[in-house]
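First comes the structure, then the notes that go with it.
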Protein chains: 4
Amino acid sequence: MNAIKDSVHDYVTLGPVAQDLLDTHAVQRLRHVKQLSTVRLVYPSANHTRFEHSLGVYHLACRALDHMDIAGDRAEHVRAAALLHDIGHGPYGHQTEEVIMRHTGTHHDEIGDLLHATETGTVLEAHGLDPDRVARIVRGEGELGQLVSGELDVDRMDYLVRDAHHTGVPYGTIDHGRLVRELRYRDGTLVLEEGNVQTAESLLLARALMNATVYRHHVSRIAGAMLKRAAERLLASESAETDIQQFRRMADHDLLVALREYVPDLGARIERRDLYKRAVWAGLDSVPPAVVDLGHEDARQAEREIADAAGLQSHEVIVDAPTRPGIKESNTRVVVGGEVVRLDSASELVSALRAGERAQWRLGVYCPAEATGAVHEAACDLLELPGERVRPTG
Amino acid sequence: MNAIKDSVHDYVTLGPVAQDLLDTHAVQRLRHVKQLSTVRLVYPSANHTRFEHSLGVYHLACRALDHMDIAGDRAEHVRAAALLHDIGHGPYGHQTEEVIMRHTGTHHDEIGDLLHATETGTVLEAHGLDPDRVARIVRGEGELGQLVSGELDVDRMDYLVRDAHHTGVPYGTIDHGRLVRELRYRDGTLVLEEGNVQTAESLLLARALMNATVYRHHVSRIAGAMLKRAAERLLASESAETDIQQFRRMADHDLLVALREYVPDLGARIERRDLYKRAVWAGLDSVPPAVVDLGHEDARQAEREIADAAGLQSHEVIVDAPTRPGIKESNTRVVVGGEVVRLDSASELVSALRAGERAQWRLGVYCPAEATGAVHEAACDLLELPGERVRPTG
Amino acid sequence: MNAIKDSVHDYVTLGPVAQDLLDTHAVQRLRHVKQLSTVRLVYPSANHTRFEHSLGVYHLACRALDHMDIAGDRAEHVRAAALLHDIGHGPYGHQTEEVIMRHTGTHHDEIGDLLHATETGTVLEAHGLDPDRVARIVRGEGELGQLVSGELDVDRMDYLVRDAHHTGVPYGTIDHGRLVRELRYRDGTLVLEEGNVQTAESLLLARALMNATVYRHHVSRIAGAMLKRAAERLLASESAETDIQQFRRMADHDLLVALREYVPDLGARIERRDLYKRAVWAGLDSVPPAVVDLGHEDARQAEREIADAAGLQSHEVIVDAPTRPGIKESNTRVVVGGEVVRLDSASELVSALRAGERAQWRLGVYCPAEATGAVHEAACDLLELPGERVRPTG
Amino acid sequence: MNAIKDSVHDYVTLGPVAQDLLDTHAVQRLRHVKQLSTVRLVYPSANHTRFEHSLGVYHLACRALDHMDIAGDRAEHVRAAALLHDIGHGPYGHQTEEVIMRHTGTHHDEIGDLLHATETGTVLEAHGLDPDRVARIVRGEGELGQLVSGELDVDRMDYLVRDAHHTGVPYGTIDHGRLVRELRYRDGTLVLEEGNVQTAESLLLARALMNATVYRHHVSRIAGAMLKRAAERLLASESAETDIQQFRRMADHDLLVALREYVPDLGARIERRDLYKRAVWAGLDSVPPAVVDLGHEDARQAEREIADAAGLQSHEVIVDAPTRPGIKESNTRVVVGGEVVRLDSASELVSALRAGERAQWRLGVYCPAEATGAVHEAACDLLELPGERVRPTG
């Protein structure tokens, strides 16, 4: 048994499979992919990586399995899945997810191809594990998949606490010690044991507050949107010759260096934190439904038209329309009075959080600081937005 | 300037007034009054006192005043009020509040009489401060009173974080650093500056989760109810000769020792944590309105009747009906889009929390473990409760 | 399995024996004995009790046993000893140890009589455990005794971290996670595995810094010395009728209340933190050897003579001469290059710490603030101390 | 006033100068230079950067200046120096310091040229500050220089606590709150006020334990040595055309990408954590003085000869001989009995720590894992080392 010191969980004890997986290129690469990508531009301490997060998820998976008395082959597959659950992430994690999805049709939790005839797959097989079964757990399939990717998964238990530790924002400090103790399987469904309505609520609340304060901070969103556009231009660049499979396997710094060379305007801005500013910041009730649901191509088209109207180059305007809000965790199951029930039937908070998500949704239009006036005008005109109400404040 | 090391805020720097107030008997007495009274029977690390809490409230008041550029005489009165805000608490704090109120008509935040012709009042006057003005601030009156006792007061900012630190339950770890930085006066009302809807929500959420998990844990409620009954019997005891004014100035250990002598059955049980158990645990929708709003005398009468029916002595049954739920903080004011608005108009969570408070309300009937069956029967019969639904679980 | 939330170790999981032991009066009493007795008068947050410390020691013992693969009967006895190791402490722990020792010849770690024909002993036997064997482990005897009371015991690992958490002084934050992982038995001796010279040093350093800053802070020493004198007077008081066995089983508050009644001058001073001041504060090189080694009776005699010379009542002067310094932990064993060696042969720090202990030793003479001048004169005269050099500063 | 959330100091409030300096390229670059370079290969959470560290040093400088009542122009220069003190670091900080020194004669704390006719210098001048004066403070010159670079500087106060927070190793958690409160100038010398011998000791002890456990962990040393050799080869490479001034301004990722391209063998190994292993690990008493003091060129020559004898390519052997040990902090000044004295005259620990430093010094010879046997032989032969005693264990 080998142990690694972690700033959140103290010592993480590694079993033989984990030790071997840790040495693979796929896992070592996660040392170079930050957990919170552009959030560090707002919270400068948030430089933690998906490598340490993966160790943390592995650790919590081990503890949850122990508390539920799940051992042997099933546990071994879950532990491997916990350690590997993020190897499918591209550079800058969620920020490039959409780009990769559009080019390959592959979501970051589909890691089947990364376990086929690869170093990682070979390690799994050498320990008698089935790579496909591991991949299915990472996708959240089956009974055990819920533990790694579901409403009550150890992934989020780790990232909330870890992100709080590293940003300094306390809202994510949930009681993970209690959560892993209170997980149970009831008829194949992962639930929280009797007496844990608040435990379940705390998980949703922590995420809602971290969303508003950290994950969706407007400065991080601007930097993220710049990164996405830059990544698209890199992939489209003939001189860069960057293939999407190669792109997907990049580390953060590879992308940063490639952007600096092939998309120098945005690349240098991101590196130096010389970011675009908001020309528009509009809530759901100020935005026509067609604009809320603007597809990728239409958004690019709108950017070009706004830029044109404002006298800018087309890539100097970014329209950033997040998908409509939703809360997956409302499906969380808890035991109340001996019965398994959905959290939203046991807690008034779920629907309030859902409403809160809607209230916090924002359409953003970004551009260089000196052009925000002109772009505001042009965007309001083109997207039919009510001028004053969508002017950013603060 | 003198500094005291605190486990929560590191160093608390004391000004001259605070240094002198600290030496008074009224403040030193708070060393012997625990912040969370009977909660320590559930969370054994929760032994912190109202003394250190008062230092913490003083510290946060200083920081908030600094950030708002309030200095001089007004600041001096607020700081004194912060340090003295809890000297009106009786032994075991909130647990004896009701008893004292019934006998004296005085709430714990009415400290005017404790500052008149007393050592503490003399110290205030020696520093040119007005005891009455300090007492008014402690009562939450006036513009400055909101900072010490209001929806956004530094009292709760300190106790949430401190209770989290000492119980080990993380839900109370709010961002007090941000709260004291974002407070502002707008037309005499204390508000949170633009961009702090979530900051305000986090305060309510922290309290709601701490309520459910810590402050209203059923074991602490049982011990608290036993303590209240015991205190009433002590005050009624002829041999004890305990006067209510003398009672009010007791420290925790004085009460414990007095109970051991004059109310030995309950006194010994509390000291040894040999607590009553729940015979009934009933939600709002299972309890007839008349029982929810049962007055003090009627509750005592019900206890006697239930005890009688169950073959127990009258003081062996406790009916514990908390007041109807409400959330004071819904009056919190935040700045949104340049306007001061009530938090419940800016946040869906407030009404959900209000609903949550209702859902968590419980009527409890407690008695010695061996009699819970008989008492359950008798109480359901007498209070017209639906038997199975009000049987405690877990 | 039952789990208790602890502010230091998060959840402490209790086995069946521990659950039953926890309910005994002997263990519940520890809720009312503070871990750091009079230190709270300097560090107001330090209100933690020997109850939560005992849970912490139990927790670390469980983890150390797990890491060393010690299970079954032997482990069960160690775990019970860990939980019970402090039940022999009198009120205010170490502060009354000497008094009790003088009257009964019993040290706090001799708990054999507390396990004979007692509730606690019966619980042990009901679980098939041998009370005598448990008592021997608490005394530090045998191979397993080293784990509970020795140079590398889990007792000190818990108290250093816990005292740091509750005082706010960081020096005690050792790496207990590593310590419990690196313990091994080599030929019956408890040692730290290869590569842990610094781990062992850190334990000594943490204690040395906590000694100087916390445990032996002069204000705590003064209050402690006042408490000892008061306890002696209580035991000598005819009206109090306090028997030493009864005294030994008191909780902190029992002693405080008894002192207030029977030794009112010191009792009230301790309760209100109206402490004596230092008239003399003298290092080893300023104190004649005969005074350093002054016995109990001679010290009392000196107090009477100093008081007489200074015009005070005899109990208004306290001569406080700690035993000569020594560092027990120099016997710590570590593995270096495959061999078990004493730490002082592997680390230069041990002898430096020993020298540091000597340098920090102080003789104190205390009295009411207004009499420090006269007492200084009288004490220097009588104890042959070099006047200016032993005048307290700062 | 602007505030940035920091995971260690909570909020860091920025004055106008700091806000403008923060936007410069020189400071933003520090976001991409890790504080602990290769230590993250041992402690995976240690990904914090010199950017957040610089904010922390600025914060502690502000607090120390406040406590010492130093304001105005002098304070402004110190604060600027605190924020800029690390801009002279090359990629991977200390790991490339020697290389840069050899090529340019410039130490990382000589930042004069980076403030001349640069963006950063212009910002300073725009605020009426003298760049040369700032540079002198960074070099530790003058009275104020001691606060930024001296025995009691705020630089080390920040990095010890920050490195502890991010590695999870607790030894660095010093009491920085006390340190900044107890600093004083006495006749132009920065000292710790009366009563702080242990405070001063704690700083040295924290560093000694962090040295042994973190900063000089052998895995980090191996990776660091590989990085140095790789950097030298990069600078020597004709195809890379990397100029030393350009090299010095690289960020970590720039170097990583350049190495991958131009020094692919070492570059790929560092990125994938496929590190060399120790063939020799020798204490001071096992190494001939001439080898301890081996110059740069001689060390390279020795590497070539050992490689040759072991049948390896010359760059596959690394001889890593740190400079002879010394403890700068022994010059720390403290006030004892009203006099300013050197810490080593007030504390036995200083000489013990010096001895400890000597005892922990190690010569390392590293090579690919499969060649350690042959390299051990060859190195012992060539460097005249006692074979068995210098074989690495554990």
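Coordinate-derived values only; no laboratory data. Bear in mind the structure is a predicted one, so any value in this text is a computation, not a measurement. For neighbour counting, all protein chains shown are included, and Cβ atoms are generated from backbone atoms with ideal geometry for every residue, glycine included.
Quick look at the numbers
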read-out	value
Largest-first principal axis extents of the Cα set of the protein assembly as shown (Å)	97, 78, 69
Viscosity 0.692 mPa s, temperature 37 °C, Stokes-Einstein D of region D:266-339 from Kirkwood C-alpha radius, µm²/s	210 µm²/s
Volume per residue that the Cα convex hull of region D:1-94 spans, once the total is divided by residue count, Å³	103 Å³
Angle between chain B longest axis and helix B:252-262 axis [Cα atoms, degrees, rounded to 10]	20 degrees
MRE, 222 nm, helices only [DSSP H, n ≥ 4, -39500 (n - 2.57), over chain A, to nearest 500]	-15000 deg cm²/dmol
Candidate aspartates and glutamates - alpha carbon under 16 Å from D:LYS5, same-chain residues fewer than 8 apart omitted	A:ASP163, B:ASP175, B:GLU182, D:GLU52, D:ASP158
Proximal aspartates and glutamates relative to D:LYS277, as straight alpha-carbon distance under 13 Å, when same-chain residues fewer than 8 apart are discounted	D:GLU316, D:ASP320, D:GLU370
Cα-projected label distance for B:HIS296 with A:ALA369, points at 7 Å along beta-carbon direction, nm	6.4 nm
Protection-proxy order for peptides D:249-256, A:195-202, each taking the mean of Cβ atoms within 10 Å per residue, highest first	A:195-202, D:249-256
Rounded tilt (10° steps) of D:296-310 against the dominant C-alpha axis of chain D	30 degrees
Exercise: per-residue mean of other protein chain Cβ atoms within 10 Å, C:248-259	3
Where N is the number of residues in region D:235-372, Cα Rg divided by 2.2 N^0.38 Å	1.44
Most mobile of C:PRO16, C:PRO368, C:PRO91 in a GNM of chain C (Cα contacts under 10 Å)	C:PRO16
Where rotation carries B onto C, the chain B residue whose Cβ is nearest that axis, in whole Å	B:HIS253, 2
Charge-dipole axis of chain A as Lys and Arg at +1 and Asp and Glu at -1 on Cβ define it, positive-most pick from A:GLY142, A:GLY15, A:LEU160	A:LEU160
Cα-Cα pairs of region B:141-228 separated by more than 18 Å (percent)	50 percent
Nm distances between copies for D:GLY112, ranked from closest, using label points 7 Å along Cα→Cβ	6.6, 7.1, 7.7
Shielding of C:22-35 by partner chains, average beta-carbon count, 10 Å	2
Neighbour-count order for D:VAL341, A:VAL138, fewest beta carbons within 10 angstrom listed first	D:VAL341, A:VAL138
Sorted by Cβ density within 10 Å, fewest first, the residues A:LYS277, C:LYS5	A:LYS277, C:LYS5
Gyration tensor (Cα) of region D:2-189, equivalent ellipsoid semi-axes in angstrom	23, 21, 16
Cβ-based exposure ranking for C:THR118, C:THR372, in which fewest neighbours within 10 Å come first	C:THR118, C:THR372
Dipole of chain C, positive end: most advanced residue of C:SER286, C:THR106, C:VAL257 [Cβ charges, Cα centre]	C:SER286
Cα extents of chain D along the three principal axes, largest first (Å)	65, 50, 33
For A:46-58, mean number of other protein chain Cβ atoms within 10 Å	4
Kirkwood Rh in Å, taken over all unlike Cα pairs in region D:345-394	13.2 Å
0 to 90° range, to nearest 10: angle between helix A:50-67 axis and chain A longest Cα axis	30 degrees
Choice from B:ALA346, B:ALA290, B:ALA223 showing the highest fluctuation, given a GNM over chain B with Cα pairs closer than 10 Å	B:ALA290
Inter-copy spacing of C:GLU297 label points, which lie 7 Å from Cα along Cα→Cβ, given in nm from shortest upward	6.8, 8.2, 10.6
For A:GLU261, inter-copy label distances in nm, listed shortest first [label point 7 Å out on the Cα-Cβ vector]	0.4, 8.7, 8.7
Choice from C:ASP344, C:ASP23, C:ASP243 showing the highest fluctuation, given a GNM over chain C with Cα pairs closer than 10 Å	C:ASP243
